[in-house]
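The values are calculated or read from the model by the stated rules, or taken from the named source; none is laboratory data. Because the structure is a prediction, the values reported are computed rather than measured. Please note: Cβ atoms are built from the backbone with ideal geometry, for glycine as well, and neighbour counts cover all protein chains shown. Side chains are part of the model used for accessible areas, which takes the heavy atoms of the whole protein and leaves out ligands, DNA and RNA. Shrake-Rupley method; radii C 1.70, N 1.55, O 1.52, S 1.80 Å.
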Amino acid sequence: MARLFGTDGVRGVAGRDLTAELAMDLSVAAAHVLGDAGVFATGSSLRRPVAVVGRDPRASGEFLEAAVVAGLASSGVDVLRLGVLPTPAVAHLTAALGADLGVMLSASHNPAPDNGIKFLARGGFKLSDAVEDEIERRLGEEWSFPVGSSVGRVRDAYGEADRYITHVLDTVKGRLDGLHVVVDCAHGAAHMVAPEALLRAGAQVEAIGARPDGLNINDGYGSTHLDRLRQIVVSRGADLGIAYDGDADRCLAVDHTGAIVDGDQIMAVLAVDMHEQGSLAKDTVVATVMSNLGFKLAMREAGLTVIETAVGDRYVLERMKAEGYNLGGEQSGHVIMLDHATTGDGLLTSLHLLAVVARSGRSLRELASVMTALPQILINVKGVDRGKAAAPELKAAVTEAESELGETGRVLIRPSGTEPMIRVMVEASSEEQATKVAERLADVVRTVCA
């Protein structure tokens, strides 16, 4: 049976895969598992545990929030409803308010019919795989519920958004006065806090995708749909554009010419700046195996080290925490600045990127030129046995391809974690070469892994 929790919580079509009943059951199980593990121990038996609950603007978030709140309160947990806020805001407020648990309802960049539940431990970090597995294992268990004065109480805490805005602004050196920024909020969770924070920082702000109606999140706007932002940045003569995804835990950028600046380029700009400021821990950046080889070559040229992890921001974060690094992320725009946040934070990242532009007096285009992205071709070979991805014949084909590409190219063969599919990724000095090698390897996969 497939694991209910994925790399970023529990997700599915709301009302079909992710029902109110499942949301309540997950919340009840989470409360009891964490309680049994002593996570809620506070030193005083008189204090009930506290949870904060936030969501993005999806219509389904309304009934799922009600179910989560009911499950937690019925289990003896006091609940603070934060309302519509980005995932990193919920993570920050979990820590800032001393909550024992955080819950975020969002499906990130997915379309409006989808939704998800993500649990955060005390301090604002994601729950470990082991704790998620225990919650899943104990779903539907017969619980003993509190009564009378022991039941949890629920209150609204919508004003806490300002605490988060103040926090991210306090992390930034200097003002953004004079910068003309177009910000695309994806009709998502950042639609209020992002324009407000950028305005307070001094930028001239034009917001698009900032009118959520519960059904339009990520619909033609946001970090997965950049064409509109690119057009508006150029037509308005803006200095740059920023695009968030639905829950604003990541961002991408667009320079004044309309060219896309991805997560690798954003990390490169931040890494070089932090190195120059003396604040980049161990002169190292943590990235995933999917980061472009051009990023790694640029960091090496700048005298910096790149540590690689498996795909997924949680693996980046685990490595950062374990080894004391403070900057890491993914090509998709999840950037973790561990000195200031416990998770990827699109607003925080964009403010620091804009601060480098303002402080240096250089355009984003010029700053992003610190790295040159090599052409990258990805082919998803479907309907194959992903368990054969390590077959000797395939390994031999990869070795031959790597020898052909040399130092200015690389190959990555990666089985899908959820589907009968193997991903073939090739980078090379030219798109023609990358395509030729990728197609050749895809043919080998089809033959060897059938």
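List of remarks:
- If you check I217, I232, I242, I208 for being touching a strand residue (DSSP E or B) at 6+ places or on another chain (Cβ under 9 Å), under 30 Å from A59 (Cα atoms), open to solvent by less than 10 Å² (accessible area, probe 1.4 Å) and not small (G, A, S), only one passes: I242.
- In segment 266-287, the residues that are more than 15 Å from R359 (Cβ to Cβ) and in contact (Cβ under 8 Å) with a residue 40 or more places away in the chain reach residues that are assigned to a helix (DSSP H, G or I) and of a type in the set (D, E, K, R) with C-beta atoms within less than 6 angstrom, at least six apart or across chains, in these pairs: V286/R319.
- Residue in segment 381-395 that is open to solvent by less than 30 Å² (accessible area, probe 1.4 Å) and under 30 Å from A253 (Cβ atoms) present: no
- The single condition from (1) open to solvent by less than 60 Å² (accessible area, probe 1.4 Å); (2) on the phi < 0 side of the Ramachandran plot; (3) free of Cβ contacts under 8 Å to residues at least 60 places away in the same chain that E404 fails is (1).
- In segment 99-134, the qualifying residues are those that are basic (K, R) and at pLDDT below 95, and the one that is most open to solvent (accessible area, probe 1.4 Å) is R122.
- Search result, residues across segment 245-260 that are open to solvent by less than 10 Å² (accessible area, probe 1.4 Å) and out of contact with any Ser or Thr (no Cβ under 8 Å at 6 or more places or on another chain): V254, G258
- So A341, is it in contact with a helix residue (DSSP H, G or I) (Cβ under 6 Å, 6 or more places away or on another chain) and hydrophobic (A, V, I, L, M, F, W, C): yes
- The set of residues in segment 299-328 being closer than 15 Å to M274 by Cα, open to solvent by less than 20 Å² (accessible area, probe 1.4 Å) and not in a loop (DSSP other than H, G, I, E, B) consists of M299, L327, G328.
- Subset of segment 159-196 [touching a His at 6+ places or on another chain (Cβ under 7 Å) and under 12 Å from A248 (Cβ atoms)]: Y164, C185
- Filtering segment 31-43 for residues that are within 22 Å of E134 (Cα to Cα) and aromatic (F, W, Y) leaves a non-empty set.
- Checking each residue in segment 261-295 for being charged (D, E, K, R) and open to solvent by 30 Å² or more (accessible area, probe 1.4 Å) picks out D262, E276, K282, D283.
- When E62 is tested against (1) at pLDDT 95 or above; (2) within 26 Å of L338 (Cβ to Cβ); (3) surrounded by fewer than 18 Cβ atoms within 10 Å (Cβ to Cβ), just one condition goes unmet, and that condition is (2).
- Filter pass, L367 being of a type outside the set (K, R), open to solvent by 70 Å² or more (accessible area, probe 1.4 Å) and in contact (Cβ under 8 Å) with a residue 40 or more places away in the chain: no
- Number of positions in segment 389-413 that are among the charged types (D, E, K, R) and touching a strand residue (DSSP E or B) at 6+ places or on another chain (Cβ under 8 Å): 2
- Residue within segment 81-88 that is at positive phi and assigned to a loop (DSSP other than H, G, I, E, B) present: no
To keep it simple, each residue is scored yes or no on (1) touching a residue at least 40 places away in the same chain (Cβ under 8 Å); (2) within 22 Å of A99 (Cα to Cα).
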| site | (1), (2) |
| --- | --- |
| A121 | yes, yes |
| E142 | no, no |
| R163 | yes, yes |
| L176 | yes, no |
| A186 | yes, no |
| L198 | yes, no |
| A201 | yes, no |
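- For segment 72-79, the condition of being of a type in the set (S, T, Y), part of a helix (DSSP H, G or I) and crowded, with 24+ Cβ neighbours inside 10 Å holds for none of the residues.
- G188 passes every criterion in (1) farther than 29 Å from D227 by Cα; (2) buried (at least 22 other Cβ atoms within 10 Å of the Cβ) apart from (1).
- Going through (1) within 27 Å of L304 (Cα to Cα); (2) open to solvent by 80 Å² or more (accessible area, probe 1.4 Å) one by one, A373 falls short only on (2).
- The combined condition, being open to solvent by 30 Å² or more (accessible area, probe 1.4 Å), farther than 30 Å from D255 by Cβ and touching a strand residue (DSSP E or B) at 6+ places or on another chain (Cβ under 8 Å), is not fulfilled by R137.
- Residues that are more than 20 Å from V147 (Cβ to Cβ), at pLDDT 95 or above, buried (at least 19 other Cβ atoms within 10 Å of the Cβ) and among the hydroxyl-bearing types (S, T, Y) are absent from segment 23-31 altogether.
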